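Read through the structure below, which is laid out as structure tokens, and then see the notes.
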Amino acid sequence: MTPLLLDGKVAAAALLDFLKPLVETLDPKLVVIQVGDDPASSSYIKQKVKSCEKVSMRSEHIHMPSDTTIETLMQKIDELNNDEDVTGFFVQLPLPGQLSGHEPEIIKAISPMKDVDGFGAYNLGKMFLSKEFEHLPPATPSGIIRLLEHFDIEIEGKHAVVVGRSNTVGKPVAVMLLNRNATVTICHSRTKNLSEITKQADILIAAVGKPKMITADMVKEGAVVVDVGIHRTDDGLCGDVDYEGLQSKVSAISPVPGGVGPMTVSSLLRNCVTAKERQMELR
């Protein structure tokens, strides 16, 4: 069988088209703080700025030197928290050595109302209440859900298996699937007999961080597979699943690149629009 391609570029373009008139009305502003010159971070930020331009959203890239201290970074976060013209902002990860380990306090310092990455405890905690309280969910999990919805993949009543338990992807996407009435199993590096569990999945979310770890013998016939991973190898970019090997077995699969990545960026912009709506309600 030829599987349905869960094309993130197509789904992201549809979401951006939906957001554009809202952006024109609300005029939100997104700010990204980059510390240092990590090449991958620079590439991601360019993608985010480009998406902002597509919907005419105001954006600002604050590029701080690699030797920036935690005190200086926290001062900048405080300034943005108190700047009413800034709708939402985030600090691009990873951070340079002297700031590594400070991520929890950095995330905690960002106002929950401006936490468009959705990594703060307040916005993560709201997700656990119900679907209706997913106001600023983490962008990648939100993008995964939107990708499934765009291609009319039914979630309710399905067995969803999430491979990966990170705070940024695995745990929150499991909660969002549960909020949509899926039966959810979370697997991780310590899971025994992993393939026995993944073979039960109607929907398999691969967010384990290992190239081509999920192979054809680990999925059941007709499963829907969403690949969150992205890795640079000698053969080019690949994800957490063996894309070619799964082609003849699954009913739908997301590509790498061009799957979850564009959805993460468009979901970040959606969070910025939502943040502006909620800020206006409070004012």
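The values are calculated or read from the model by the stated rules, or taken from the named source; none is laboratory data. Please read all numbers here as calculations on a predicted model, not as lab measurements. Methodologically, a virtual Cβ is constructed for each residue, glycine included, from the backbone with ideal geometry; neighbour enumeration extends over all protein chains shown.
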Return the residues of the range 83-97 that are loosely packed, with under 14 Cβ neighbours inside 10 Å and either basic (Lys, Arg) or over 21 Å from Met57 (Cβ atoms) (or both); say none if nothing qualifies. Pro94, Gly97
Looking at the range 160-182, I want the residues that are under 23 Å from Lys220 (Cα atoms) and among the charged types (D, E, K, R) and have a partner that is at pLDDT below 95 and in a loop (DSSP other than H, G, I, E, B) with Cβ atoms under 6 Å, at least 6 apart or on another chain. Which pairs are those? Arg165/His188
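Answer yes or no: is there a residue in the range 3-18 that is more than 30 Å from Ala252 (Cα to Cα) and not assigned by TED's automatic domain parsing to the domain that holds Phe151.
no
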Among residues of the range 76-90 being acidic (Asp, Glu) and in a loop (DSSP other than H, G, I, E, B), the residue farthest from Pro39 (Cα to Cα) is Glu84
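To keep it simple, each residue is scored yes or no on (1) part of a helix (DSSP H, G or I); (2) touching a Ser or Thr at 6+ places or on another chain (Cβ under 8 Å); (3) farther than 26 Å from Gln279 by Cα.
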{"position": "Lys20", "(1), (2), (3)": "yes, yes, no"}
{"position": "Thr25", "(1), (2), (3)": "yes, no, no"}
{"position": "Val31", "(1), (2), (3)": "no, yes, no"}
{"position": "Gln34", "(1), (2), (3)": "no, yes, no"}
{"position": "Ser41", "(1), (2), (3)": "yes, no, yes"}
{"position": "Lys48", "(1), (2), (3)": "yes, yes, no"}
{"position": "Ser56", "(1), (2), (3)": "no, no, no"}
{"position": "His61", "(1), (2), (3)": "no, no, no"}
Quick check, is Gly229 closer than 14 Å to Val162 by Cβ, of a type outside the set (A, V, I, L, M, F, W, C) and at pLDDT below 95? yes
Which residue, of Leu73, Leu93, is outside any helix (DSSP H, G or I) and either without any contact (Cβ under 8 Å) to a residue 24 or more places away in the chain or not aromatic (Phe, Trp, Tyr) (or both)? Leu93
Which condition number does Gly157 fail, the rest of (1) assigned by TED's automatic domain parsing to the domain that holds Asp202; (2) surrounded by fewer than 23 Cβ atoms within 10 Å (Cβ to Cβ); (3) part of a helix (DSSP H, G or I); (4) touching a residue at least 12 places away in the same chain (Cβ under 8 Å) being met? (3)
Anything in the range 233-264 that is in contact with a Phe, Trp or Tyr (Cβ under 8 Å, 6 or more places away or on another chain) and not in a loop (DSSP other than H, G, I, E, B)? List them, or say none. Ala252, Ile253
Looking at the range 233-259, which of the residues that are without any contact (Cβ under 8 Å) to a residue 40 or more places away in the chain and within 19 Å of Ala139 (Cα to Cα) is surrounded by the most Cβ atoms within 10 Å (Cβ to Cβ)? Gly239
For the range 110-132, state whether one or more residues are of a type outside the set (Phe, Trp, Tyr), surrounded by fewer than 18 Cβ atoms within 10 Å (Cβ to Cβ), touching a Lys or Arg at 6+ places or on another chain (Cβ under 7 Å) and not in a helix (DSSP H, G or I). no
Within the range 211-224, tally of residues that are hydrophobic (A, V, I, L, M, F, W, C), over 15 Å from Cys187 (Cα atoms) and within 23 Å of the chain's Cα centre (by Cα): 2
